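Report on the structure given below.
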Amino acid sequence: MELLERKIMEEGRVLSTSVLKVDAFINHQIDPVLMDNIGLEFAERFSGSGITKILTLESSGIAPAQMTGLHLQVPVVFARKRKSLTLNDQLYTSEVYSFTKEQSNEIAVSHEFIEAGDHVLILDDFLANGQAALGLLHIVEQAGASLEGIGILIEKAFQEGGNLLKNKGVRVESLARVASLNSGRVQFAEKVGA
Ligand code: 5GP
């Protein structure tokens, strides 16, 4: 997606050969016009998939997921990273190792918000080693719902997550694919057919 790639080039910061900082438009400050365009793009890509629910992870997945939900006209559920006092015992849970925080978190979704008949689109900001996506997929499986695909804003294609998910037969749609962060530069992967 050209708009997202341009934003990454202009406002992204390469922190190391494996970490890209996008606090200026996704992870701290949010660009609502970009999020609206992202929501529209995902809605178009998954328009024929019969999506009934979007599942993401707090907090950075919420903005793009909400805009996608708006364009697809379906509810958005975000998995919580800590058990809240207001979440009751009826929870689907999964353990997720965080790439950036280097620690494990339990994520949880109430039974109320994902049902066996749901056709779920998982969304997240980044795809690195695939642990967040696998944790969300585990929750979809526990609910007996169907996974229709995974939408990612920025896939770091040099890490293993993309292949891990594709080898499981999951449809992965990434709006920007980064091939390398070497030498402090963002290099995008070649587009198929380009
Ligand atoms: P994974 O679970 O695929 O290893 O990592 C994905 C999660 O880690 C995302 O939810 C995202 O929050 C975080 N993450 C992974 N790589 C990066 C990165 O390069 N930059 C930022 N800002 N977050 C990342």
* To do: Report the residue count in the range 165-192 for those that are modelled with pLDDT of 95 or more, under 22 Å from Glu44 (Cβ atoms) and basic (Lys, Arg).
  => 3
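So that you can scan it fast, the table gives a plain yes or no per residue for (1) surrounded by 15 or more Cβ atoms within 10 Å (Cβ to Cβ); (2) touching a residue at least 12 places away in the same chain (Cβ under 8 Å); (3) touching a strand residue (DSSP E or B) at 6+ places or on another chain (Cβ under 6 Å); (4) part of a loop (DSSP other than H, G, I, E, B):
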residue: Leu4; (1), (2), (3), (4): yes, yes, yes, no
residue: Lys7; (1), (2), (3), (4): yes, yes, no, no
residue: Phe25; (1), (2), (3), (4): yes, yes, no, no
residue: Asn37; (1), (2), (3), (4): yes, yes, no, no
residue: Leu40; (1), (2), (3), (4): yes, yes, no, no
residue: Ser47; (1), (2), (3), (4): no, yes, no, yes
residue: Gly50; (1), (2), (3), (4): no, yes, yes, yes
* Structure fact -> Counting only residues that are on the phi > 0 side of the Ramachandran plot and buried (at least 20 other Cβ atoms within 10 Å of the Cβ), the range 122-148 contains a total of 1
* To do: Only residues in the range 158-183 that are among the small types (Gly, Ala, Ser) count as the first member; pair them with residues that are in a helix (DSSP H, G or I) and more than 9 Å from the ligand (Cβ to nearest atom), Cβ under 7 angstrom, at least 6 apart or cross-chain, and list the lot.
  => Ala176/Leu4; Ala176/Glu5; Ala176/Ile8
* Of all the residues that make up the range 141-156, how many are more than 16 Å from Thr68 (Cβ to Cβ) and away from the ligand (no atom under 12 Å from the Cβ)? -> 6
* Does Asn182 qualify as being surrounded by fewer than 21 Cβ atoms within 10 Å (Cβ to Cβ), touching an Asp or Glu at 6+ places or on another chain (Cβ under 6 Å) and on the phi < 0 side of the Ramachandran plot? -> no
* Structure fact -> Of the residues in the range 96-126, those that are of a type outside the set (S, T, N, Q), without any contact (Cβ under 8 Å) to a residue 60 or more places away in the chain and either more than 12 Å from the ligand (Cβ to nearest atom) or not in a strand (DSSP E or B) (or both) come to Phe99, Lys101, Glu102, Glu106, Ala108, Val109, His111, Glu112, Glu115, Ala116
* To do: Please go through the range 9-23 and pick out each residue that is within 9 Å of the ligand (Cβ to nearest atom), without any contact (Cβ under 8 Å) to a residue 40 or more places away in the chain and either assigned to a helix (DSSP H, G or I) or out of contact with any helix residue (DSSP H, G or I) (no Cβ under 8 Å at 6 or more places or on another chain) (or both).
  => Leu15, Asp23
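Keeping to the range 158-176, report how many residues are surrounded by fewer than 20 Cβ atoms within 10 Å (Cβ to Cβ) and either at negative phi or of a type in the set (A, V, I, L, M, F, W, C) (or both).
11
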* Residue that is nearest to Arg45 (Cα to Cα) [pool: residues in the range 127-164 that are out of contact with any Phe, Trp or Tyr (no Cβ under 9 Å at 6 or more places or on another chain) and assigned to a strand (DSSP E or B)] -> Ile150
* Residues (part of a loop (DSSP other than H, G, I, E, B) and within 12 Å of the chain's Cα centre (by Cα)) located in the range 52-64 -> Glu58, Ser59, Ser60, Gly61
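The values are calculated or read from the model by the stated rules, or taken from the named source; none is laboratory data. As the structure is a computational prediction, the values presented were derived from the model and not from experiment. Here Cβ is always computed from backbone atoms with ideal geometry, including for glycine, and neighbour counts include all displayed protein chains.
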